[in-house]
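Okay, structure first, notes after.
Nothing in this text is a laboratory measurement; each read-out follows from the coordinates by a stated rule. Here the structure is a predicted model, which is why all the values come from computation and not from measurement. Glycine gets a Cβ as well: all are built from the backbone with ideal geometry, and neighbour counts include every protein chain shown.
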Amino acid sequence: LGDPGLTTSSRCADLALRDYARGGLCVPAGGSGTLPDLLAASLPPGTVRTGVHVTAADITTVRTKEHGELGCRSLLLATGAGAAAELLPGLRVPAFRPVTVLHHTAPAPPPTG
């Protein structure tokens, strides 16, 4: 939807708009800030750390300001593109274009079925 060069297939926009209209795309109860906790809930306790200042990262290791060096099998890095590029050399930072997002509160969940 934010692709002025029209390089993305129109099917992506079709799917997103269809799911919005059907009520399939939404934010969980509690807002998007609850997503890390929801994702971590299915993992073993102590395997997810949030709010940690990462100073370096590679395929098998994360170095943090608070906890030093930690081994890992995978890494979910939730930060801005510029900070991610500093941590991951070679990461291409795309050109960004402004997009306006409006959120509305519904009085009740959408009907199912």
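Report, by chain and number, residues whose modeled amide H sits under 5 Å from the one on Cys72, excluding near sequence neighbours (fewer than 5 apart, same chain).
Placed amide hydrogens put Thr61, Val62 under 5 Å from Cys72.
Using the Cα centre as the reference, give the magnitude of the dipole from point charges on the C-beta atoms of the range 1-93 (Lys, Arg: +1; Asp, Glu: -1; all else neutral), rounded to the nearest 20 debye.
With Lys and Arg at +1 and Asp and Glu at -1, about 120 debye.
Say each of Val93 and Ala81 gets a label point 7 Å from the Cα, pointing the same way as Cα to Cβ; how far apart are those two points in nm?
Rounded to a tenth, the inter-label distance reads 0.9 nm.
Check each of the trypsin sites (Lys or Arg not before Pro) in the range 25-113 and keep only those in coil by DSSP with at most 12 other C-beta atoms within 10 angstrom; list them in order.
Lys65, Arg73, Arg92
What net charge do the residues around Leu17 carry, taking every other residue with its C-beta under 15 Å from that of Leu17, with Lys and Arg at +1 and Asp and Glu at -1?
Spelling it out: positives minus negatives among the neighbours equals 0.
Once you have the alpha carbon radius of gyration of the range 51-91, what is it after dividing by 2.2 N^0.38 Å, with N set to its residue count?
Here the Cα radius of gyration is 1.07 times the empirical estimate.
If you average 1/r over every pair of different alpha-carbon atoms in the chain and take one over that average, what Kirkwood value in Å do you get?
17.8
Using the basic label-point model (7 angstrom from Cα toward the beta carbon), what is the Asp3 to Val101 distance in nanometres?
1.8
Can you run phi through the Karplus equation (6.51, -1.76, 1.60; θ = phi - 60°) for the range 9-18 and list ³J(HN,Hα) in whole Hz, with x for Gly and Pro?
Computed from phi, the couplings for the range 9-18 are 4, 5, 5, 4, 5, 4, 5, 5, 5, 4 Hz.
Name the most mobile residue of Ala13, Ala56, Ala95, meaning the one with the largest mean-square fluctuation, in a Gaussian network model of the chain with Cα contacts below 10 Å.
Ala95
Please check: in the Gaussian network model of the chain (C-alpha springs, under 10 Å), which one of Val54, Val101, Val27 has the largest mean-square fluctuation.
Val101
Along the charge dipole of the chain, pointing to its positive end and built from +1/-1 on Cβ of Lys, Arg, Asp and Glu, which listed residue (Ser9, Gly23, Leu76) has its Cα farthest out?
Checking the options against the dipole of the chain, the answer is Ser9.
Relative contact order of the chain: what whole-number percent is it, with Cα pairs under 8 angstrom and at least 6 residues apart?
Worked out over the chain, it gives 14 percent.
Expressed as a rounded percentage, what relative contact order does the range 51-91 have, with Cα pairs under 8 Å and six or more residues apart?
31
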